[in-house]
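Student: Dropping the structure in here first, questions after.
The values are calculated or read from the model by the stated rules, or taken from the named source; none is laboratory data. Bear in mind the structure is a predicted one, so any value in this text is a computation, not a measurement. Cβ placement follows ideal geometry from the backbone for every residue including glycine, while neighbour counts extend to all protein chains displayed.
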Amino acid sequence: MKHKKNSTAKLNVLEVTHLTKNYREQKAVDDLSFAVSEGEILGLLGPNGSGKSTTINCILALLKYQQGEIRIFGEPMTPASYDLKRKIGVIFQEVAVFDELSVYDNIDFFCGLYITDAAERKAKVEKALQLVGLTKYRKYLPKQLSGGLLRRLNIACGIAHEPELIFLDEPTVAVDPQSRRRILDNIKKLRDQGATIVYTSHYMEEVEELCDRIIILDHGKIIASGTTAELKQLVKDRSVKQVVGPTLNDVFLELTGRELRD
Amino acid sequence: MFWQNFKYNLKLILRDRSLIFWTLAFPLIMALLFNLAFSNIENSEKFEPMAIAVVENAEWQKQEIFQKAFAALSAEGEEQLFHTEYLSETGAATALENEEITAYLEFQNGQPKITARENGINTTILKTVVERIGEQSQVVQEILRKNPAQLGELVRQEAPNLKDASRPHLSYTMVEYYTLIAMTCLYAGMISMTAVNRFLANMSLSGRRVAVSPTPKRWLILSGLSASYLVQVFGLALLFTFTIFGLKVDYGENFALVLLLSLVGCLAGTAFGVFVASSIRVSENAKTGLMIALSMFGCFLAGMMGITMKYVVDTNLPLLNQLNPANLITDGLYALYYYDVCERYWSNIITLVIITLVIICISIWNLRKEQYDNL
Ligand SMILES: Nc1ncnc2c1ncn2[C@@H]1O[C@H](COP(=O)(O)OP(=O)(O)O)[C@@H](O)[C@H]1O
Ligand SMILES: [Mg+2]
């Protein structure tokens, strides 16, 4: 109630403070702190190996980390935080579906981990099928789907239960332009329905189009953050560019290099 | 929720063609092959009493227990085990040389000594009999005092492979079918391994989805295991149906106990799969390969490729076979078929249950982990 009156203070849905994660000697995430407020799309932008997936897996309490605190909806996130997990949807970087199950069954199975009521689940699965445009492929097996459709199935499996907080880890990698368009539109639709979204990518223009706020990661560290406009300003401003230095430049080089090959 | 997951687990298992081949079809193919390969041998296989000699000297005169025991075991009848000649030491040696006897027994300084032409099954049986009589001499003496007529029976009970061999129609094929049942039981592990792998975040991508969901993985693992067990029990049912009605195999009078041991064996196999899934972090294909290799090796030691192997292991490395689930299943079924007393059957079942419980405990310990150093 208090929050509603005070419209400027939005609730932080996700708070990451001083997160540090090493794989043996290698530092993958280095003292990372950021927050995501309700209804926002946060973009985690960074080249391959910059620690995006590791950050997400730490937030989800899948990975052990050396240091830091994760709070979701104000509560600490642990492997046993089942009430929090109920409100979260995750689309992992790799397609994680069962080859033996049809499109419908895959979504139904993963949705069933969240929604036990059969009628409610049926409605949600249908809705998810419609959202990603797989309704007429419901009986297909994953191996009969093209790469783009498979990615869309992967997304449907992660969001069918209509989560309030959604993590998407590079959902558009190796996807044809039509499917990419559809996926980006889907994400906007999810945001319009009220979800808070953390979106990782190494495509500059995707993040620019989608995200309210962007964090640029490299070597597990934040090298820049802000709105699209702020970041553009940062790049334009030569003196600042020298301070932030070649790293930010590297990020863009990396990105453009990728784009040419696509 | 359990049923929803159970239903999907069943679907996942039944649609995995290679899994279904190995667990349901392969045992049937093996049964057919055994049937073709052994049907000829079977007809000619009848146990002949084994020709042996005993060196009849002053030492032998002192061995009252052995004298009576060998007299009982050489008595003519359906279950006669030995054809014993009593000779001098040189006589026995000559008889062995001329291949009139397989082996001879001699006492030196109160210790039995067996001289044999070769180390075959027959020699093993003779050795076992002599050992058992020696070990049980106090019991034997006790019986001699009270009721000497019981001695033959005791020796037979105490020397298991002796009695197997002394059956008038020793069936090698039966042992092959028993190892096949054991193999089918252990193959349950392949299904359960695959099922559990699906729900472990550090083993599979689907496992990561489970890990971030509000459903604790133990419920998924439980439903996966129930489905695995059900499918492999169906596999056993197929094998029994095929061997009984198709190949006319007779599992003896205690079929209910045969089924009981098979069901327990299947549980052991299922547990074995969970163990492999939860303790070793390699690809699923590598795990499947490992499961097949281990199961087959266990069955080999239990006598799948010839019963001699079982005798050799039972005699030289008894512990190996006492801990080998394939052998526990085979041996239990074997005991059931050949003995009137089922003590050995029950002790095999109990060992199997204990091994299963231990494996399950280790697996639960391995599975308790929920947050990983890397994925
Ligand atoms: N399982 C792992 N074991 C060891 N190092 C890893 C593992 N996963 C990722 N890394 C390393 O951690 C760093 C960050 O990786 P990742 O989080 O996957 O980056 P991104 O998702 O941004 O591409 C990389 O240098 C990568 O090599
Ligand atoms: Mg990544």
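Student: Regarding residue A:90, is this residue within 18 Å of the chain's Cα centre (by Cα), facing chain B (nearest Cβ under 7 Å), within 16 Å of ligand 2 (Cβ to nearest atom) and outside any helix (DSSP H, G or I)? I'd like the intermediate steps shown before the answer.
Tutor: Details: within 18 Å of the chain's Cα centre (by Cα): yes; facing chain B (nearest Cβ under 7 Å): yes; within 16 Å of ligand 2 (Cβ to nearest atom): yes; outside any helix (DSSP H, G or I): yes.
Considered against the rule, which asks whether it is within 18 Å of the chain's Cα centre (by Cα), facing chain B (nearest Cβ under 7 Å), within 16 Å of ligand 2 (Cβ to nearest atom) and outside any helix (DSSP H, G or I), residue A:90 comes out as yes.
Student: Give the residues of the stretch A:93-118 that are part of a loop (DSSP other than H, G, I, E, B), at the interface with chain B (Cβ under 9 Å from one of its Cβ atoms) and more than 22 Å from residue B:372 (Cα to Cα), sorted by residue number.
Tutor: Once the filter is applied, which keeps residues that are part of a loop (DSSP other than H, G, I, E, B), at the interface with chain B (Cβ under 9 Å from one of its Cβ atoms) and more than 22 Å from residue B:372 (Cα to Cα), the stretch A:93-118 yields A:98, A:99, A:100, A:101, A:114, A:116.
Student: Looking at residue A:37, is it within 13 Å of ligand 2 (Cβ to nearest atom), more than 22 Å from residue B:204 (Cβ to Cβ) and touching a strand residue (DSSP E or B) at 6+ places or on another chain (Cβ under 9 Å)?
Tutor: no
Student: Let me ask another. Regarding the stretch A:228-247, can at least one residue be identified that is at pLDDT 80 or above and within 18 Å of the chain's Cα centre (by Cα)?
Tutor: No, the stretch A:228-247 contains no residue that is at pLDDT 80 or above and within 18 Å of the chain's Cα centre (by Cα).
Let's see how each residue does on (1) crowded, with 16+ Cβ neighbours inside 10 Å; (2) touching a Phe, Trp or Tyr at 6+ places or on another chain (Cβ under 9 Å):
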position: B:212; (1), (2): yes, yes
position: B:224; (1), (2): yes, yes
position: B:241; (1), (2): no, no
position: B:254; (1), (2): no, yes
position: B:262; (1), (2): yes, yes
position: B:267; (1), (2): yes, yes
position: B:271; (1), (2): yes, no
position: B:278; (1), (2): yes, yes
position: B:282; (1), (2): no, no
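Student: Can you pull out every residue in the stretch A:197-208 that is away from ligand 2 (no atom under 12 Å from the Cβ) and under 10 Å from the mean Cα position of the chain (by Cα)? Break it down stepwise before answering.
Tutor: First, the residues of the stretch A:197-208 that are away from ligand 2 (no atom under 12 Å from the Cβ): A:197-199, A:203-208.
Within the stretch A:197-208, A:197, A:198, A:199 meet the criteria.
Student: Between residues in the stretch A:10-27 that are over 18 Å from residue A:40 (Cα atoms) and within 13 Å of chain B (Cβ to nearest Cβ) and residues that are within 16 Å of ligand 1 (Cβ to nearest atom) and part of a strand (DSSP E or B), which pairs lie under 7 Å by C-beta distance while being six or more apart or on different chains?
Tutor: What qualifies is A:21/A:28; A:21/A:29; A:21/A:63; A:22/A:28.
Student: With the structure loaded, tell me whether residue A:158 is surrounded by 20 or more Cβ atoms within 10 Å (Cβ to Cβ), without any contact (Cβ under 8 Å) to a residue 12 or more places away in the chain and within 13 Å of another protein chain (Cβ to nearest Cβ) or whether it fails that test. Reasoning before the result, please.
Tutor: Values: surrounded by 20 or more Cβ atoms within 10 Å (Cβ to Cβ): yes; without any contact (Cβ under 8 Å) to a residue 12 or more places away in the chain: no; within 13 Å of another protein chain (Cβ to nearest Cβ): yes.
Spelling it out, it is not the case that residue A:158 is surrounded by 20 or more Cβ atoms within 10 Å (Cβ to Cβ), without any contact (Cβ under 8 Å) to a residue 12 or more places away in the chain and within 13 Å of another protein chain (Cβ to nearest Cβ).
Student: What's the number of the only condition in (1) among the hydroxyl-bearing types (Ser, Thr, Tyr); (2) closer than 19 Å to residue B:31 by Cα; (3) at pLDDT 90 or above that residue B:251 fails to meet?
Tutor: Residue B:251 satisfies every listed condition except (3).
Student: Let me ask another. With the requirement that a residue be closer than 18 Å to residue B:81 by Cβ and not polar (S, T, N, Q), what does the stretch B:118-133 give you?
Tutor: Start the filter on the stretch B:118-133 by keeping residues that are closer than 18 Å to residue B:81 by Cβ, which leaves B:120-133.
If the condition is that a residue be closer than 18 Å to residue B:81 by Cβ and not polar (S, T, N, Q), then B:120, B:121, B:125, B:126, B:127, B:129, B:130, B:131, B:132, B:133 are the ones that fit.
Student: If a residue must be more than 10 Å from chain A (Cβ to nearest Cβ) and closer than 14 Å to residue A:107 by Cα, how many such residues does the stretch B:1-23 contain?
Tutor: Of the residues in that region, 0 qualify.
Student: Let me ask something additional. Search the stretch A:161-173 for residues being within 13 Å of ligand 2 (Cβ to nearest atom) and either out of contact with any strand residue (DSSP E or B) (no Cβ under 8 Å at 6 or more places or on another chain) or of a type in the set (Asp, Glu) (or both), and hand back the single one that is nearest to the other protein chains (Cβ to nearest Cβ). Spell out how you get there, then give the answer.
Tutor: From the stretch A:161-173, those within 13 Å of ligand 2 (Cβ to nearest atom) are A:167-173; that's our starting set.
Subset that is either out of contact with any strand residue (DSSP E or B) (no Cβ under 8 Å at 6 or more places or on another chain) or of a type in the set (Asp, Glu) (or both): A:169-170, A:173.
Working: A:169: 11, A:170: 14, A:173: 15 Å.
Out of the qualifying residues, it is A:169.
Student: What is the residue count in the stretch A:41-62 for residues that are more than 9 Å from chain B (Cβ to nearest Cβ), assigned to a loop (DSSP other than H, G, I, E, B) and surrounded by 22 or more Cβ atoms within 10 Å (Cβ to Cβ)?
Tutor: Qualifying residue count for the region: 3.
Student: Shifting gears a bit: Would you mind listing the helices (runs of 4 or more DSSP H) fully within the stretch B:290-375 where at least 2 residues are more than 17 Å from residue B:180 (Cα to Cα) and assigned by TED's automatic domain parsing to the domain that holds residue B:219?
Tutor: On the way: elements: B:307-316, B:318-322, B:325-338, B:343-367.
Qualifying helices (runs of 4 or more DSSP H): B:307-316, B:318-322, B:343-367.
Student: Follow-up. Hey, any hits in the stretch A:121-128 for a residue that's of a type in the set (Gly, Ala, Ser), surrounded by 17 or more Cβ atoms within 10 Å (Cβ to Cβ), away from ligand 1 (no atom under 16 Å from the Cβ) and more than 14 Å from chain B (Cβ to nearest Cβ)? Explain how you work it out, then say what you get.
Tutor: Initially, the stretch A:121-128 is screened for residues of a type in the set (Gly, Ala, Ser), giving A:123, A:128.
Still in the running and surrounded by 17 or more Cβ atoms within 10 Å (Cβ to Cβ): A:128.
Filter once more, so that each one left must be away from ligand 1 (no atom under 16 Å from the Cβ): A:128.
Then drop every residue that is not more than 14 Å from chain B (Cβ to nearest Cβ), which leaves A:128.
For the stretch A:121-128, residues of a type in the set (Gly, Ala, Ser), surrounded by 17 or more Cβ atoms within 10 Å (Cβ to Cβ), away from ligand 1 (no atom under 16 Å from the Cβ) and more than 14 Å from chain B (Cβ to nearest Cβ): present.
Student: Here's something else I'd like to know. Of the conditions (1) under 30 Å from residue A:129 (Cβ atoms); (2) away from chain B (no Cβ under 14 Å); (3) crowded, with 23+ Cβ neighbours inside 10 Å, residue A:38 satisfies every one except a single condition; which number is it?
Tutor: (3)
Student: Considering only the stretch B:304-319, I want to know if a residue exists there that is within 27 Å of residue B:274 (Cβ to Cβ) and in contact (Cβ under 8 Å) with a residue 40 or more places away in the chain.
Tutor: yes
Student: Same structure, new question: So which of A:103, A:95 is more than 16 Å from ligand 2 (Cβ to nearest atom) and within 25 Å of residue B:16 (Cα to Cα)?
Tutor: On the way: A:95 fails: more than 16 Å from ligand 2 (Cβ to nearest atom).
Checking each option against the conditions leaves just A:103.
Student: In addition: Just one of the numbered conditions (1) crowded, with 24+ Cβ neighbours inside 10 Å; (2) within 13 Å of another protein chain (Cβ to nearest Cβ); (3) in a loop (DSSP other than H, G, I, E, B) is not true of residue A:65; which one?
Tutor: Condition not satisfied by residue A:65: (1).
Student: Does residue B:213 satisfy being of a type in the set (S, T, N, Q) and away from every other protein chain (no Cβ under 14 Å)? Spell out the reasoning first.
Tutor: Details: of a type in the set (S, T, N, Q): yes; away from every other protein chain (no Cβ under 14 Å): no.
When the stated conditions are applied, residue B:213 does not pass them.
Student: When you look at residue A:83, is it at the interface with chain B (Cβ under 10 Å from one of its Cβ atoms), surrounded by fewer than 22 Cβ atoms within 10 Å (Cβ to Cβ) and more than 17 Å from residue B:370 (Cβ to Cβ), yes or no?
Tutor: Numbers: at the interface with chain B (Cβ under 10 Å from one of its Cβ atoms): yes; surrounded by fewer than 22 Cβ atoms within 10 Å (Cβ to Cβ): yes; more than 17 Å from residue B:370 (Cβ to Cβ): no.
Here the answer is no, as residue A:83 does not meet what is asked.
Student: Would a scan of the stretch A:58-75 turn up a residue that is among the polar types (S, T, N, Q), within 12 Å of ligand 1 (Cβ to nearest atom) and touching a residue at least 40 places away in the same chain (Cβ under 8 Å)? Break it down stepwise before answering.
Tutor: Filtering the stretch A:58-75 down to residues among the polar types (S, T, N, Q) leaves A:66-67.
Okay, now just the ones that are also within 12 Å of ligand 1 (Cβ to nearest atom), so none.
Within the stretch A:58-75, none of the residues are among the polar types (S, T, N, Q), within 12 Å of ligand 1 (Cβ to nearest atom) and touching a residue at least 40 places away in the same chain (Cβ under 8 Å).
Student: If the Cβ limit is 7 Å and pairs must be 6+ apart or interchain, which residue in the stretch A:77-102 that is without any contact (Cβ under 8 Å) to a residue 12 or more places away in the chain pairs with which residue that is away from ligand 2 (no atom under 16 Å from the Cβ) and part of a loop (DSSP other than H, G, I, E, B)?
Tutor: Pairs that qualify, where the first residue is without any contact (Cβ under 8 Å) to a residue 12 or more places away in the chain and the partner is away from ligand 2 (no atom under 16 Å from the Cβ) and part of a loop (DSSP other than H, G, I, E, B), are A:82/B:214; A:85/B:213; A:85/B:214.
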